Amino acid sequence: MATINFGGVDETVITRDEYPLFKAQAYLKDEVIAVIGYGVQGPGQALNLRDNGFNVIIGQRQDSPSWEKALQDGWVEGETLFSIEEAAERGTIIANLLSDAGQIALWPTLKKHLTPGKTLYFSHGFGITFNDQTNIIPPADVDVILVAPKGSGTSLRRLYLQGGGLNSSYAVFQDATGEALEKAIALGIGVGSGYLFETDFKREVYSDLTGERGVLMGALAGIIEAQYQVLRQRGHSPSEAFNETVEELTQSLVPLVGENGMDWMFSNCSVTAQRGALDWKGRFREATLPVLNELYDSVASGQEAARTIQRGSTPNYRQELEVELKEVRDSELWQTGATVRQLRSLKKTAEADA
Ligand SMILES: NC(=O)c1ccc[n+]([C@@H]2O[C@H](COP(=O)([O-])OP(=O)(O)OC[C@H]3O[C@@H](n4cnc5c(N)ncnc54)[C@H](O)[C@@H]3O)[C@@H](O)[C@H]2O)c1
Ligand SMILES: CC(C)(O)[C@@H](O)C(=O)O
Ligand SMILES: [Mg+2]
Ligand SMILES: [Mg+2]
């Protein structure tokens, strides 16, 4: 384990240099990794594990779009693709990658197959941390570990195919065999993590739920809608409002932040822009601090978990979700986005033809 100093604070990090793939392969060679659920994280992790040479099987509901997707991805019914129950029986490591609400519904089924010495793996601290609501209480004689990729399963797979890796956090909740930590690290490397950052189940879920409801998704979407609305109401065209709110953000400025930090992005904009951004960032910070604190309290009190479970357990939730997503997709803002993106691909085609 390496100790790396982050902005003055020492933290434990696992690197691929100190725990290389061949070590993970050797360590897990006798294990059958049953990936339960083939939604977003399931395919990303299972395909990376398979391509990395691990024994992987899938457990998924039949007659579902995810079952069809698994077949398309080359999993073979009866050989590597099974019902959830059968995969859980065959697996020695049960990777619970059902939706967080689905994990509650399927817990009695999975629990039956968690015989002594098996490993229960999660990619989120949700089910364990909020077990007063989920009832996910594992038997004492199984290892319970977590590897949570810090990004979409789609990115996990894409980065792997490009030869890179997505950073993940890892944690041990229960160490029945004395090997839980090494299993977490080996699986973290196997699923295609770049670096592995130490956490525990509670900190993982608190930070993850805050991040996705906050800056990563909820706040991002909300502030974009607000600025677009202001620009439109003040007489700007849809394309101008979109370009100044989203297109430049995703195509120019955020990639610069990713490469070299906020100050570097600022330095690569005009001094006029820098002056304004430095003057206004404090206002935005102060305006959003109360909302972010309210959000964290809502996560820590279990209220966000309760809402996720309550909504996610509604029988036709996927259809209801689709109605909400369609509303976003059909809004003027995101319809403008679709047209702007099309212009991007037309430009690429024109360049290729030239
Ligand atoms: N989506 C991501 O990229 C991502 C990133 C990091 C961590 N995670 C975590 O990974 C886990 C899986 O997330 P996901 O987004 O891949 O899930 P998902 O919402 O895509 O669902 C995964 C699978 O669960 C199945 N499922 C849901 N309810 C079910 C039920 N009642 N019975 C049987 N099957 C059911 C679905 O068919 C689907 O194949 C979660 O704990 C999530 O928080 C997800
Ligand atoms: C990809 C995210 C947002 O990081 C993950 O936490 C999720 O829940 O999908
Ligand atoms: Mg999440
Ligand atoms: Mg996350």
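General observations
- All lysines inside 19 Å of K202 as judged from Cα atoms, apart from same-chain residues fewer than 8 positions distant: K150
- Summary: within the chain, the longest segment free of GluC sites (Glu not before Pro) located in DSSP loops with at most 11 other C-beta atoms within 10 Å is 80-354.
- For the stretch 103-226, the spread of Cα coordinates along the three principal axes comes to 51, 36, 23 Å, biggest extent given first.
- Carbon and sulfur %, accessible surface of the stretch 88-160 computed with the full protein complex present, 1.4 Å: 53
- When a 1.4 Å probe is rolled over the protein heavy atoms, the share of accessible surface on the stretch 1-46 that falls to carbon and sulfur comes to 55 percent.
- Helix axis angle, 303-312 relative to the chain longest principal axis, alpha carbon, degrees: 80
- With a Förster radius of 51 Å applied to the C-beta separation of V32 and R234, the computed FRET efficiency comes to 0.25.
- The chain: calculated mean residue ellipticity at 222 nm from DSSP helix runs of at least 4, using -39500 (n - 2.57): -17000 deg cm²/dmol
- When only Cα pairs below 8 angstrom with a gap of at least 6 residues are kept, the stretch 124-238 shows a relative contact order of 26 percent.
- Measuring only protein heavy atoms, the 1.4 Å probe finds K347 accessible over about 130 Å².
- The coefficient of translational diffusion for the stretch 209-292, derived via Stokes-Einstein from the alpha carbon Kirkwood radius under 37 °C and 0.692 mPa s, stands at 233 µm²/s.
- Summed over the residues of the stretch 185-343 and divided among them, the accessible surface reaches 63 Å² per residue at a probe radius of 1.4 Å.
- Cα convex hull of the stretch 60-109, projected area averaged across orientations, nm²: 3.6
- Taken over the chain, the convex hull of the Cα atoms encloses 181 Å³ per residue.
- Were the residues from E324 through S152 laid out at 0.36 nm apart, the gain over their Cα-Cα distance would be 59.9 nm.
- The value given for the stretch 229-345 is a Kirkwood hydrodynamic radius of 17.8 Å, derived from the mean inverse Cα-Cα separation.
- Surface share of carbon and sulfur [accessible, 1.4 angstrom probe, percent] for the stretch 220-337: 56
- Relative contact order %, the stretch 9-98, counting alpha carbon pairs below 8 Å whose residues are six or more apart: 37
- Spacing of the two label points (7 Å from each Cα toward its C-beta) at A300 and A350, in nm: 5.3
- Nonlocal amide H pairs with I57, under 5 Å, H built at 1.01 Å: I33, A34, V35
- The chain, relative contact order in percent, only Cα pairs under 8 angstrom and at least six apart counted: 15
- The stretch 1-73, accessible area per residue, ligands and nucleic acids excluded (1.4 Å, Å²): 51
The values are calculated or read from the model by the stated rules, or taken from the named source; none is laboratory data. Please read these numbers as outputs of a predicted model, since none were measured by experiment. As a convention, Cβ positions derive from the backbone with ideal geometry for all residues, glycine included, and neighbour counts pool all protein chains shown. For the accessible areas, the whole protein counts, side chains as well, though only heavy atoms, and no ligand, DNA or RNA atoms are used. Shrake-Rupley method; radii C 1.70, N 1.55, O 1.52, S 1.80 Å.
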